[in-house]
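S.K.: I'd like to ask you about the structure that follows.
The values are calculated or read from the model by the stated rules, or taken from the named source; none is laboratory data. What you see is a predicted model; the values in this text were computed from it and never measured. Cβ sites come from the backbone with ideal geometry, for glycine too, and all protein chains shown count toward neighbours. We work out accessible area using only protein heavy atoms, side chains counted, and drop any ligands, DNA or RNA first. Shrake-Rupley method; radii C 1.70, N 1.55, O 1.52, S 1.80 Å.
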Amino acid sequence: MNLGMPSPTRRAFGAGLLGWIAWGPGTAFAEPARYEIDPEHISVGFLVEHIGYARVLGMFRAARGSFRFDEATGELQDIRIEVDTRSVFSNHVKRDQHLKSADFLNAAEFPRMVFTAAHATRIAERHFAIAGALELLGRSQPLVLQATWNKSGPSPIAKSSYVTGVSARGSFLRSAYGMNYGVGNGWVGDEVQLIIEFEAIRQ
């Protein structure tokens, strides 16, 4: 086949063509970076109605997680957030003991609440819809988190670290997990609003 090129040019063209075929169009040249959520910079909170008067604001004091993220493409995948249900705190000792009991979190038998998602959908420059699953009380139900990528950059405190910050929100019905205490008589709301804020360190 004569490409109408001098021999050295044909050889270079052929090498480039073979390289393109080997890689194929759309081949990823680099994996998204892996991030570990900093356990000292994660807040997992919740809001639940109390007899219709007001909402109780609580949180979990211990959580961890990881994900993969490519800043250039916005690819977000392999998301996992693991919460220690025994760490629940609502600024009321007796209420916290009740929340840990079998009426609610049953933390002795189910010490973990876990959100996982294979990937996320980028809906704006810094906004993502993360459709995944929440495992609670031994059951798994779909849950979508609306997440905002706040900022990425070298940490001004730990200068060797590269940090990404995220805010996420979501909600679910606790009765879907068999957590029915107070739902029927309206004492405790069924809908739980999740509030998640974290910083993650690139590995």
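S.K.: Pop a pseudo-label 7 angstrom from the Cα along the beta-carbon direction at both Ile157 and His41 and give the gap in nm to one decimal.
M.R.: 0.7
S.K.: Under the rule of at least 5 residues apart or a separate chain, name every residue whose amide H is placed under 5 Å from the amide H of Ala120.
M.R.: Leu76
S.K.: Whole-Hz Karplus ³J(HN,Hα) for region 137-147, in order, using 6.51 cos²θ - 1.76 cosθ + 1.60 and θ = phi - 60°, x for Gly and Pro?
M.R.: 6, x, 10, 10, 9, x, 8, 10, 9, 8, 10
S.K.: While we're on this one: Which order do the peptides 114-123, 79-88, 130-139 take when ranked by the mean count of other beta-carbon atoms within 10 Å per residue, highest first?
M.R.: With the highest mean Cβ count within 10 Å placed first, the list reads 79-88, 130-139, 114-123.
S.K.: Among [x] 74; [y] 54; [z] 60, find the value of percent of Cα pairs over 21 Å apart that was calculated from the structure presented, and write down its label.
M.R.: [z]
S.K.: Does anything in region 32-52 have its amide N under 19 Å from the 7 Å Cα→Cβ label point of Arg202, and if so which residues?
M.R.: 32-39
S.K.: Also, quick follow-up: Each residue of region 121-133 in turn: what ³J(HN,Hα) in whole Hz from Karplus with 6.51, -1.76, 1.60 and θ = phi - 60°, glycine and Pro shown as x?
M.R.: 10, 7, 9, 7, 3, 10, 10, 9, 9, 10, 8, x, 9
S.K.: Which angle from 0 to 90°, rounded to the nearest 10, does the C-alpha axis of helix 7-23 make with the longest principal axis of the chain?
M.R.: Roughly 20 degrees between the two axes.
S.K.: Continuing with the same structure: Heavy atoms only, probe 1.4 Å: what % of the accessible area of the chain goes to carbon and sulfur, would you let me know? Don't skip to the answer; put the middle values down first.
M.R.: On the way: 6730 of 12030 Å².
About 56 percent, which is the carbon plus sulfur part of the accessible surface.
S.K.: Each residue of region 159-173 in turn: what ³J(HN,Hα) in whole Hz from Karplus with 6.51, -1.76, 1.60 and θ = phi - 60°, glycine and Pro shown as x?
M.R.: 5, 7, 9, 10, 10, 10, x, 9, 10, 9, 9, x, 8, 8, 9
S.K.: Just want the answer: with Cβ charges of +1 for Lys and Arg and -1 for Asp and Glu, which residue in Thr121, Gly186, Leu143 is farthest toward the dipole's positive end in region 100-203?
M.R.: The Cα lying farthest towards the positive end belongs to Thr121.
S.K.: Only residues of region 158-183 count here: report those whose backbone N is under 20 Å from the spot 7 Å along Cα→Cβ of Ala133, or say none.
M.R.: Label zone hits: 170-179.
S.K.: Say we join alpha carbon atoms closer than 10 Å with springs in a Gaussian network model of the chain; which of Glu31, Glu191, Glu49 then has the biggest fluctuation?
M.R.: Comparing Glu31, Glu191, Glu49 in a Gaussian network model of the chain, the most mobile one is Glu31.
S.K.: Let me ask something additional. With a ≥ b ≥ c the root eigenvalues of the C-alpha gyration tensor of region 32-106, is it rounded (a/c under 1.5), prolate (a/b larger than b/c) or oblate?
M.R.: On the way: a/c = 3.11, a/b = 2.31, b/c = 1.35.
It comes out prolate by the Cα gyration axes.
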